[in-house]
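Student: Quick one: the structure is below, and I'll ask about it shortly.
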Amino acid sequence: MYWPSLKVLNLDNNNFTGEIPSSFGSLHNLISLHLHNNSLIGEIPKSLMNCSTLIGLNLGLNKLVGSIPRWIGCLPHLSFLVIPSNNLRGLIPVDLCKLSTLQVLDASNNNFTGIIPKCFKNLTAMTSTLERKYDSIYIKLENEVSREDANLVIKGRENEYDTILYLSSTLDLSENRLSGEIPEELTCLVALQSLNLSGNYLSGSIPKTIGNMTKLESLDLSRNQLSAHIPSSLSSLTFLSYVNLSCNYLSGQIPTSTQLQSMNASSFMGNKLCGPPLLKCVEDRDTTHSDASNGDGERGDDEYWLRLGIEMGFGVNFVGVIGPLLVCGFWRRAYFWFFEEYLWYKLVDFFIKVKYSF
């Protein structure tokens with residue numbers, strides 16, 4: 001609090017305990033606060049609302065509780081919000097949608113519930129594919145922005161992004177308890193490079209307009225409750241190099257594209273999908289087999305009905321003979337008498353007559 005001109009405070013990877021001091025709110029010129037990988041407890045202090053020039057806030061890998069504070073939408077220049085692996089809970093506030101400069105949001109490995117806000121489409125930095133136009137604060141602090149860093153899980157691996165973090169655009173809400181459908185408005189984030197919603201309780205279908213996210217390089221929707229077909233527009237994403245749709249209720253054929261067919265089969269396991277890189281679909285049988293089936297269709301139908309008739313006839317006759325014997329004792333005694341007494345003596349008389357005739 002005695003250093004009012006402090007701009008960057010990095011205390012990552014230490015053993016700090018206790019709560020985040022409220023005196024941080026007196027650092028009105030602070031643009032980057034890093035407290036990643038400590039043992040801090042308590043809630044995110046409201047005093048940080050006074051840090052109006054804050055660009056990067058990294059509080060990941062701590063033991064913070066409470067929810068994402070609504071006042072966070074009052075930080076007009078916040079571009080990097082990294083809060084994974086805490087004990088945060090509650091709904092994702094719609095106030096986040098006020099952060100037009102937000103380009104990296106990592107809230108993974110928490111206990112957030114509810115739905116994904118539809119207003120995420122208002123995150124301008126994730127919706128514009130044009131080169132970013134820095135305002136006065138960015139021009140003034142351009143060197144500090146380029147030094148912003150964070151550990152992000154992209155393409156299934158955790159990597160450290162330091163000097164190039166400001167070139168990234170990431171939305172990671174994985175490993176929470178989010179439910180409902182993936183809002184179609186999320187596909188308006190056409191500048192997004194990585195989308196990770198895995199490990200939640202999301203249902204419904206993958207938005208058909210996902211093909212609008214032309215800059216997407218990494219997509220992870222695994223371990224949810226998604227159903228229906230994979231939208232064909234997914235095949236138009238030419239930058240896509242990592243996909244994981246495993247462990248859902250998806251069905252049908254995997255859309256054909258160079259990107260999707262080059263993925264590992266494990267990316268689609270745990271569904272009812274078919275087609276490369278998985279097994280062929282039923283409708284994709286060999287042409288020869290298909291032609292033979294068409295040529296011999298009538299004969300195949302005749303054989304089917306003939307076999308069905310034989311089987312049904314056998315079943316009815318078998319039950320008609322055995323059923324009464326099991327139910328009625330009189331018929332059972334008469335049946336065995338017929339074979340033991342009547343037919344037996346008839347056969348014996350026949351053999352005797354044959355023997356004496358020679």
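Student: Which of the GluC sites (Glu not before Pro) found in the range 167-259 are loop residues per DSSP with 12 or fewer other Cβ atoms within 10 Å of their Cβ? Don't skip to the answer; put the middle values down first.
Tutor: Values: sites: GLU175, GLU181, GLU184, GLU185, GLU217; in loops: GLU175, GLU217.
Within the range 167-259, no GluC sites (Glu not before Pro) qualify (loop, at most 12 other Cβ atoms within 10 Å).
Student: Which of the residue pairs LYS98/LYS215; LYS215/LYS280; LYS208/LYS272; LYS7/LYS118; LYS63/LYS121; LYS118/LYS280 have a Cα-Cα distance greater than 27 Å in the structure shown? Before the final figure, lay out the partial values.
Tutor: Numbers: LYS98/LYS215 23 Å; LYS215/LYS280 30 Å; LYS208/LYS272 19 Å; LYS7/LYS118 34 Å; LYS63/LYS121 30 Å; LYS118/LYS280 37 Å.
Checking Cα-Cα distances, LYS215/LYS280; LYS7/LYS118; LYS63/LYS121; LYS118/LYS280 exceed 27 Å.
Student: Describe numerically, in nm with one decimal, the distance between label points set 7 Å from Cα along Cα→Cβ at SER251 and at SER203.
Tutor: According to this spin-label approximation, the distance is 1.6 nm.
Student: Quick one: if you stick a label point 7 Å off each Cα along the C-beta vector at LEU326 and SER179, how many nm between them?
Tutor: 4.8 nm
Student: So for the pair SER236, SER67, with labels modelled 7 Å out along Cα→Cβ, what separation do we get in nm?
Tutor: Each label point is offset 7 Å from its Cα along the Cβ direction, giving 3.7 nm.
Student: While we're here: Using DSSP to define loop residues, name the trypsin sites (Lys or Arg not before Pro) in the range 36-87 whose beta-carbon has at most 16 other beta-carbon atoms within 10 Å. Provide the component values of the computation, followed by the final result.
Tutor: Numbers: sites: LYS46, LYS63, ARG70; in loops: LYS63.
The qualifying sites are LYS63.
Student: Write out the chymotrypsin sites (Phe, Trp or Tyr not before Pro) in the range 1-93 meeting two conditions: DSSP loop, and at most 11 other Cβ atoms within 10 Å of their Cβ.
Tutor: Working: sites: TYR2, PHE16, PHE24, TRP71, PHE80; in loops: TYR2, PHE16.
Passing both the DSSP loop test and the Cβ count: TYR2.
Student: Now a separate question. FRET efficiency for SER22 and LYS118, Cβ-Cβ distance as r, R0 = 35 Å, nearest 0.05? Can you show the working numbers first?
Tutor: Details: r = 34 Å, r/R0 = 0.96.
The computed FRET efficiency comes out at 0.55.
We did not get these values from a lab; they are worked out from the coordinates using the rules stated. Predicted model, so just to flag it, every value in this text is computed and none were measured. Don't worry about glycine lacking a Cβ; one is built from the backbone with ideal geometry, like all the others, and counts go over all protein chains shown.
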